[in-house]
1. Can you pull the one-decimal nm distance between simple spin-label points at ARG146 and ASP222, each 7 Å off the Cα toward Cβ?
2. What area, in nm² and to one decimal, does the C-alpha convex hull of region 59-155 cast on average over all directions?
3. Please turn the phi angles of region 49-63 into ³J(HN,Hα) values with the Karplus equation 6.51 cos²θ - 1.76 cosθ + 1.60 (θ = phi - 60°), one per residue in order, whole Hz, x for glycine and proline.
4. May I ask you to compute the full-extension gain from ASN195 to GLU117, defined as 0.36 nm times their residue separation minus their alpha-carbon distance, rounded to one decimal in nm?
5. Using a simple spin-label model with points 7 Å from Cα along the Cα→Cβ vector, what separation in nm is obtained for ASP163 and ARG234?
6. Taking the Cβ of VAL150 as the center, what net charge do the other residues with Cβ under 12 Å away carry, scoring Lys and Arg +1 and Asp and Glu -1?
7. Regarding the chain, what are the three Cα extents along the principal axes, ordered largest first, in Å?
8. What does the charge dipole of region 102-142 about its Cα centre add up to, to the nearest 20 debye, if the Cβ of each Lys and Arg holds +1 and the Cβ of each Asp and Glu holds -1?
Amino acid sequence: MFGKKKEKIDVRALVEASNLRHIAFIMDGNGRWATAKGLPREAGHSAGAKNFKTVVRYCKSIGIGYVTVYAFSTENWRRPEREVNAIMALLDSYMAEAREETDVEFRFIGDVTPLDEKIKVKIAELESFTKGREYRLNIALNYGGRAEIVSAVKRAVEEGITDITEADISARLYTADCPEPDLIVRTGGEFRTSNFLMWQGAYSELYFSDKLWPAYSTGDVDAAVISFAGRKRRFGGLDKK
Ligand code: FPP
């Protein structure tokens, strides 16, 4: 009762002071969250999609300008058709809701060619409708980091570049117009990055949370930001004296 009052941390100020411009999320654990509750995996994705909206809005509210989320990987097609269809349906219905985010520019990163024609039209419309807005949300869809690098190299070759540099590749990635992710967060208790932002994430700080994605809260985002703000980023160099 007379315990010390917990000091309130100003997370927004931490974001600014640590220059945290771009955060990326590997939203893992939807299936396990549902199974633990005796629900079908699809219910986990539905809860995950709801939480995605909350987390993305929160990141914006604390001043993070760029958010990237891993919604569907090139490997996720191996899942049962019913589950793939459920994720696609969530994305499809989100496309209309996304218009409520009046200050967010949407970009879908990944190879959208095999997607349903109707979804592709909605993606193209949403991207052009929201162009040039203050905040940026990249949704990785049929995305693979290696495939992204291969396609960037191919484009450079097609453009006749013979002596390809790192800058040539960076300029041909889906996220060419974004700063590289400062922080990549993976939920669900796994310690890997699963082909996500392989090139852009070369110097990203990594943060792993045991929480399953539908249960990952804004307080958990705060914990990741606090951890990030306490790190020393040297980018291969030495500490500044
Ligand atoms: C990983 O959890 C999650 C996915 C493969 C899909 C993520 C998709 C969403 C959060 C919904 C996307 C919708 C929008 C609107 C962005 P998992 O299924 O691998 O979980 P598990 O490891 O517990 O099985």
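1. Here the modelled spin labels are 4.1 nm apart.
2. Hull-based average projected area comes out at 7.0 nm².
3. The phi angles translate into 5, 5, 5, 4, 4, 4, 5, 4, 5, 5, 4, 4, 5, 9, x Hz.
4. Additional length available on full extension: 25.5 nm.
5. Those two pseudo-labels are separated by 3.2 nm.
6. In short, +2.
7. Computed over the Cα atoms, the extents are 69, 54, 34 Å.
8. Taking the Cα centre of region 102-142 as origin, the dipole is about 20 debye.
Only the coordinates and a few stated rules stand behind these numbers; no lab work does. As the structure is a computational prediction, the values presented were derived from the model and not from experiment. Neighbour counts are summed over all protein chains in view; Cβ atoms, including those assigned to glycine, are modelled from backbone coordinates with ideal geometry.
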